[in-house]
1. Between (i) 13.1; (ii) 13.7; (iii) 10.7, which entry matches mean projected area of the Cα convex hull in nm² as derived from the coordinates of this structure?
2. Which of the aspartates and glutamates could a cross-linker bridge to LYS92, judged by Cα under 15 Å and excluding same-chain residues fewer than eight apart?
3. Let me know the Rg and Dmax you get for region 1-78 when you use only its Cα atoms, in Å.
4. Using a probe of 1.4 angstrom, how much of the accessible area of the chain is carbon and sulfur, in percent?
5. Taking the solvent-accessible surface of protein heavy atoms with a 1.4 Å probe, what is the per residue accessible area of the chain in Å²?
6. In nm, give the distance between the simple-model label positions of ASN6 and ASN102, each being 7 Å from the Cα along the Cα-to-Cβ direction.
7. Is region 1-42 best put as rounded, prolate or oblate by its Cα gyration tensor, with a ≥ b ≥ c the root eigenvalues, rounded for a/c under 1.5, and otherwise prolate when a/b is larger than b/c, oblate when not?
Amino acid sequence: TGLRFNAGVINFTPYLGASFNYLGLDAVKENNQYGLSIDDVNAKETKYHVGFRTDVKVTKTVTVGGFVEYANKVGSGNQEVTIESNLAAGAKSTYKVKANQNDYTLYGFSFNYTHTNGKWNIFADVAGISDSSDSYQGQVGLKMAF
């Protein structure tokens, strides 16, 4: 949830949020004498987010913006996975799934062009994580109204 403040051609939006992520992977059993068996993996985490977004109207049809967001993990499952070899009976190991970092800061920049008829727009954005210099994501797209 957030509250948008307008100051002419600039919009400011501070916001708060919460998220819950769940990943479930079914067990794998290779059916040959050299294969492995891996049990189910169920990972989950709960996070809270606090952030700030700004958008600037450069022209009537072009908007650029940026954001920064802090996220902190407040709860997660305590997951273990067991791997067993088909080669020798009882040859198995249990590993504790490594927990991701507890907090991080996201940042990003955006571009948006809306056609003068308002029926379509082209958008692009790129985001990164402050704790990892090689972790970026981006997207480019076209939205159309019918």
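The values are calculated or read from the model by the stated rules, or taken from the named source; none is laboratory data. Fair warning: this is a prediction, and the values are worked out from it, not measured in the lab. Quick reminder, even Gly has a Cβ in these numbers, built from the backbone with ideal geometry, and neighbours come from all protein chains shown. These area figures cover heavy atoms from the full protein model, side chains too; ligands, DNA and RNA do not enter into them. Shrake-Rupley method; radii C 1.70, N 1.55, O 1.52, S 1.80 Å.
1. It is the value labelled (i).
2. Excluding near neighbours in sequence, the set is GLU30, ASP39, ASP40, GLU80, GLU84.
3. Here Rg and the maximum Cα pair distance are 21.8, 70 Å.
4. Answer for the chain is 58 percent, counting heavy atoms of protein chains only.
5. 71
6. Modelled inter-label distance: 4.2 nm.
7. prolate
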